[in-house]
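To start, the structure under review is shown below, and the notes come after it.
What follows is calculated from the coordinates using simple rules that are stated; it is not laboratory data. In this text, all values refer to a predicted model and were calculated from it rather than measured experimentally. We place every Cβ from the backbone using ideal geometry, glycine too, and count neighbours over all the protein chains shown.
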Amino acid sequence: MSWAVIGAGYTGIAVAGAMIAAGLEVDVLDERPAVGGLWLDGVYDSVRLITTRRVTAFGGRPMPPGELFPTGAELLAYLTQVAEDSGVTKRLVTHRVESVAQDGSGWLVDQRPYDGVVLATGLFQQPRIPVLPGVLTIPSFHTRDYRSADQLGEHTLVVGLGNSGADVAHDAVKSGKQVTMAIRRARHVLPKRVLGLPVVELHRPANIPDLPVRLALDVAVRALSVYWRRGRLGEPRHLVLSESPVVHSALLPLIAGGKIGVRPAVTAVDGAEVTFADGSSLSFDTVVWGTGYDYDLPVARVLVDGGDGPYRTQPPLLVGGAWSPVSRGLAVVGHREPRHGRGPYLSAVADLVAAGAVAQSRCDEPVGALLSAVVRPDASALVDDGPELRRLARLTEAAHAL
């Protein structure tokens, strides 16, 4: 079977490399002329990962020695080398994919025929910017387009509480700007290290259930952050780790010290003036939207999981976070966030995709439908690494047996 892997970023490199190693015929399609995806042209100069080198690296391919938390440039160099070593670079086809459609028992990717398709476009493709009453006449852009504090005015508004927004606000403070963050709802904020240990590598013991650990962690995080919050951020209404936390060591101290102002959600804009949910208004000279991303899949939802709702409100139901349960030769990868780093998870899901793709050449039924007898389709977004890696290992073994 011939396969199209759409996306040559973090996810696509892992998946395509595993498929090539399994002897499959693979084209890797990406609009960029080189591998790396977002890390090639979509991150800011100061970016440093919130995951350590160990859990950023793919299984069996450690990152070169360096500081504990790698920079964006270091991750790009690593991904480029992995792609070269695994043969992905040689399979790269520079092409922006507009549509993926079924064609009999196969697929058409912008009229190019393939037997199977893997959508590896990841989480960060379609920037989400809210539609608000009024028109801004000052510079405004999404964090996707942020590169350095040189783009920021003397009074900058960062809309949204996420890792990228926190980084932009921190950059602005270091550059002597006045900074305000508009926050729609409270989120948990964790430091990069706890007692000197990287928080991303703190795993719960395997013999202790997940919920008691999360309850204890929730109490601890709320107690330890109360001084820094001082009522400015509010209390999150969700349990810690029920969604991705903000991981940033400087944010809470900067807010507590008055270096970063906090306002509620933005409700309207008018020229340089921004109105907030409490009725107050302020004038700014730059607005940075740290408002996240929407799913952006170039294939009809019904072909992915049989549904018809928007991806934004209803993430796709997939088997093992990869295989479509309804369509033969279709996988969607990279839309899950493991709690403790993407490297080992992506390696495991890449092995599942490669094993399933080989099995699909022997099966008339969709591989996802067959594997759903082992693990039911689900739409999980944030997953606990330990149980998820074990689940992926079971599915990969089942795929080999098909």
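Grab the Cα-Cα distance for residue 197 and residue 378, subtract it from 0.36 nm times how many residues apart they are, and report the gain in nm with one decimal.
Stretched out fully, the residue 197 to residue 378 stretch lengthens by 61.9 nm.
In which sequence would 275, 291 go, from the one with the fewest C-beta neighbours within 10 Å to the one with the most?
275, 291
Efficiency by 1/(1 + (r/R0)^6): what FRET value for residue 249 and residue 364, r their Cβ-Cβ distance, R0 = 45 Å, to the nearest 0.05?
Step by step, r from the Cβ atoms, then E = 0.25.
Quick check: residue separation of residue 281 and residue 397 times 0.36 nm, minus the Cα distance between them. What number comes out in nm?
35.9 nm
Hey, what's the Kirkwood Rh for region 1-112 if you take every pair of different alpha carbons, in angstrom? Mind dumping the intermediate values first?
Details: mean 1/r = 0.0670 Å⁻¹.
Computed over Cα pairs of region 1-112, the Kirkwood hydrodynamic radius comes out at 14.9 Å.
Putting +1 on Lys and Arg Cβ atoms and -1 on Asp and Glu Cβ atoms, find which of 317, 82, 247 reaches farthest to the positive end of the dipole of the chain.
247
Please give, to one decimal in nm, the separation of the simple spin-label points placed at residue 105 and residue 140, each 7 Å out from Cα toward the Cβ.
It is 5.2 nm.
Of 234, 191, 207, which is farthest on the positive side of the dipole of region 130-289, counting Cα position, with +1 on Lys and Arg Cβ, -1 on Asp and Glu Cβ, and the Cα centre as origin?
Farthest towards the positive end: 207.
For region 12-51 and region 335-397, compute the distance between their C-alpha centroids and round to whole Å.
With region 12-51 and region 335-397 each reduced to a Cα centre, they are spaced 19 Å.
Under a crude label model (7 Å from the Cα following the beta-carbon direction), how far is residue 337 from residue 129 in nanometres?
2.2
For the pair residue 308/residue 95, report the inter-label distance in nm, with labels modelled 7 Å from Cα in the Cβ direction.
Between residue 308 and residue 95, the simple spin-label model gives 3.1 nm.
What is the order of 181, 63, 1, 19, fewest Cβ neighbours within 10 Å to most?
1, 63, 181, 19
Any chance you could run the full-extension gain for residue 175 through residue 150? It's 0.36 nm times the residue separation minus the Cα-Cα distance, nm to one decimal. Spell out each step's value before the answer.
Details: separation 25, 0.36 × 25 = 9.00 nm, distance 0.87 nm.
So the extension gain works out to 8.1 nm.
With a Förster radius of 25 Å, plug the Cβ-Cβ distance of residue 215 and residue 54 into 1/(1 + (r/R0)^6) and report the FRET value to the nearest 0.05.
0.35
Using the count of nearby Cβ atoms within 10 Å as a rough guide to exposure, how do 45, 308, 27, 351 rank from fewest to most?
308, 45, 27, 351
Place a +1 charge on the Cβ of each Lys and Arg in the chain and a -1 charge on the Cβ of each Asp and Glu, then give the dipole magnitude about the Cα centre in debye, rounded to the nearest 20.
Dipole size: approximately 1300 debye.
For the chain, set up a GNM with springs between Cα atoms under 10 Å and report which of 387, 316, 70 has the largest fluctuation.
Looking only at 387, 316, 70, the biggest GNM fluctuation is shown by 387.
Over region 130-289, calculate the relative contact order: mean separation of alpha carbon pairs under 8 Å at least 6 apart, over the residue count, as a percent.
39
Helix 72-86: angle to the longest alpha-carbon principal axis of the chain, degrees 0 to 90, nearest 10?
0
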